[in-house]
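Written below as structure tokens is the structure these notes are about.
The values are calculated or read from the model by the stated rules, or taken from the named source; none is laboratory data. From a predicted model like this one, the values you see are computed outputs, not experimental measurements. Virtual Cβ from ideal backbone geometry, glycine too; neighbours counted across all protein chains shown. The protein model used for the area step is the full one, side chains on, heavy atoms only, and it has no ligands, DNA or RNA in it. Shrake-Rupley method; radii C 1.70, N 1.55, O 1.52, S 1.80 Å.
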Amino acid sequence: MTSGIDRTPGWMAPAGPPTTTVLLRHGDTPLSREKRFSGVGDARLNKTGAAQARAVARRLRTRGIGAVVSSPLRRALQTAEVAAAALDLPMLVDKDLRETDFGAWEGLTFAEALARWPDLVAAWLADPSVAPPGGESFADTALRVQHARDRLLARRPGGTILVVSHVTPIKTLVRLALQAPPSALHRMHLDSACLSELDWYQDGPAVLRAFNDTHHLPPE
């Protein structure tokens, strides 16, 4: 992707149009509503989540999206199916866009995990190579998300792709675009059914255009 020139976005003309990834977090589920670890467990959208999916799909109709790619987990698929139908596009699935596997912490709140594994939780927060019991580290998640990103950029160069995924993969894509350290994951917040947007230029730089945009959602 890089040409060896450190081009600062906004100052030097890009080599060509960027590939834009519109990043959509899935709608509400019972676990997300209660702020519980929700990784590879296959939670479904709740009533609010289904309404959120319809609202974001309406907003995306005029966005010029040319492809829809989703995580294989059910809550993302349900959200992506509504968007793909509104956009009259097929829905593709990339397994590397799935959420982190939180292992034994699945379904627990942060406070519950901290009470049972205080030292491990502290280590997990400090070191991206540390994984929950029986789960996946953020470092491993980042590796597969990078592979997914590379496939996305190769799929529709210069186009706009809707990516329906989860908190950790979306934060990871933002972190990679900003060249931020792994600790940046703990300094971002994503609401259910929010939109974020990244432009990826062929000659290297990436630009964050929007983050955690929920203007399409009705007030709670």
With Cα springs under 10 Å, the Gaussian network model of the chain assigns the largest mean-square fluctuation among 189, 166, 26 to 189
Distant-in-sequence amide H partners of residue 135 (H built 1.01 Å from N, under 5 Å): 104
Pseudo-spin-label distance residue 191 to residue 123, built 7 Å along Cα→Cβ, given in nm, is 3.7 nm
Which whole-number percentage describes the relative contact order of the chain, with Cα contacts under 8 Å and a sequence gap of 6 or more? 33 percent
Burial-style ranking of 71-79, 212-220, average other-beta-carbon count within 10 Å with highest first, yields 71-79, 212-220
Between the modelled labels at residue 209 and residue 59 (7 Å from Cα along Cα→Cβ) the distance in nm is 1.4 nm
Restricting to the chain, what percent of DSSP beta bridges are antiparallel, rounded to 5? 50 percent
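Using a 1.4 angstrom probe on the protein heavy atoms only, could you order 124, 117 from most to least accessible area? The partial results should precede the final answer.
Values: 124 20, 117 55 Å².
The ranking, largest first, comes out as 117, 124.
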So who's got an amide H within less than 5 Å of the one on residue 209, skipping anything under 5 residues away but keeping other chains? H placed 1.01 Å off N, in plane. 197, 198, 199
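Kindly give the semi-axes, whole Å and largest first, of the ellipsoid equivalent to the chain, taking each as the square root of 5 times a Cα gyration tensor eigenvalue. Please list the in-between numbers first.
Working: eigenvalues 155, 105, 40 Å².
So the equivalent ellipsoid measures 28, 23, 14 Å along its semi-axes.
Nearest 20 debye, what's the magnitude of the dipole of the chain about its Cα centre given +1 on Lys and Arg Cβ and -1 on Asp and Glu Cβ?
Numbers: 26 positive and 23 negative charges, 128 e Å.
So the dipole magnitude of the chain works out to roughly 620 debye.
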Between 52, 202, 179, where does the largest GNM mean-square fluctuation fall for the chain, given springs only between Cα atoms within less than 10 Å? 179
Amide H contacts under 5 Å for residue 70, placed H, 5+ residues apart: 92, 93, 94, 164
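Over its Cα atoms, what ratio of radius of gyration to 2.2 N^0.38 Å does region 116-220 give? Spell out each step's value before the answer.
Values: Rg = 15.3 Å, N = 105, 2.2 N^0.38 = 12.9 Å.
My calculation over the Cα atoms of region 116-220 gives 1.19.
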Checking rank on 92-100, 146-154, with mean other Cβ inside 10 Å and highest first, the result is 92-100, 146-154
Which of 103, 49, 39 ends up with the largest GNM mean-square fluctuation for the chain, with Cα atoms connected below 10 Å? 103
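Which net charge results when you count Lys and Arg as +1 and Asp and Glu as -1 among the other residues whose beta-carbon is under 12 Å from that of residue 34? Can you show the working numbers first?
Details: positive: 33, 35, 36; negative: 28, 112.
Summing Lys/Arg as +1 and Asp/Glu as -1 gives +1.
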With no solvent and one point on each alpha carbon, what is the Debye value of log10 I(q)/I(0) for region 63-165 at q = 0.18, 0.19 Å⁻¹? -0.87, -0.92
C-alpha center-to-center spacing [region 89-130, region 46-87] in angstrom: 24 Å
